[in-house]
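No value in this document is a laboratory result; all are computed from the given coordinates. Everything numeric here is computed off the predicted structure, so don't read it as measured data. Counting neighbours? That spans all protein chains shown, and the Cβs are built from the backbone with ideal geometry, glycine included.
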Amino acid sequence: MNLKRFSIVSDRDVQALEDTNEVILLNLDHIVSMKPINIVVDGDVREGFWIRMSNGKKYRALDIPKELKTMLKS
């Protein structure tokens, strides 16, 4: 397994008014695609990433491993 740490935006609590950030370990071998996106957090626009996994799950990440950032920026 090739696990790396990601900080994702989660709206897990339906009653919450704002999104919450959670740290999650994702297996890099199961990432199908990633693309840069803009995410609104507390009224500010931040650079983030849209991650799609092989099982169909999708995540909005605020922080990803450095090696993936360099791959997307080059």
Counting other C-beta atoms within 10 Å, which of LEU25, LEU68 has the fewest, and how do the rest follow? LEU25, LEU68
For the chain, what relative contact order do you get, as a whole percent, if you take Cα pairs closer than 8 Å and at least 6 residues apart? 30 percent
Test item: Cα-centred dipole of segment 3-73, Lys/Arg +1 and Asp/Glu -1 on Cβ, debye: 460 debye
Using a Gaussian network model of the chain whose springs link C-alpha atoms within less than 10 Å, name the residue from ASN38, ASN27, ASN55 with the highest mean-square fluctuation. ASN55
Label of the coordinate-derived value, Rg/Rh (Cα atoms, Kirkwood Rh), listed as [x] 1.42; [y] 1.23; [z] 0.97: [z]
Please arrange SER10, SER74 by counting, for each residue, the other beta carbons lying within 10 Å of its beta carbon, fewest first. SER74, SER10
Calculate for the chain the 222 nm mean residue ellipticity that helices alone would give, adding -39,500 (n - 2.57) per DSSP H run of length 4 or more and normalising by residue count, nearest 500 deg cm²/dmol. -3000 deg cm²/dmol
With point charges of +1 on the Cβ of Lys and Arg and -1 on the Cβ of Asp and Glu, referenced to the Cα centre of the chain, which listed residue (PHE49, SER10, THR70) lies farthest in the positive direction of the dipole? THR70
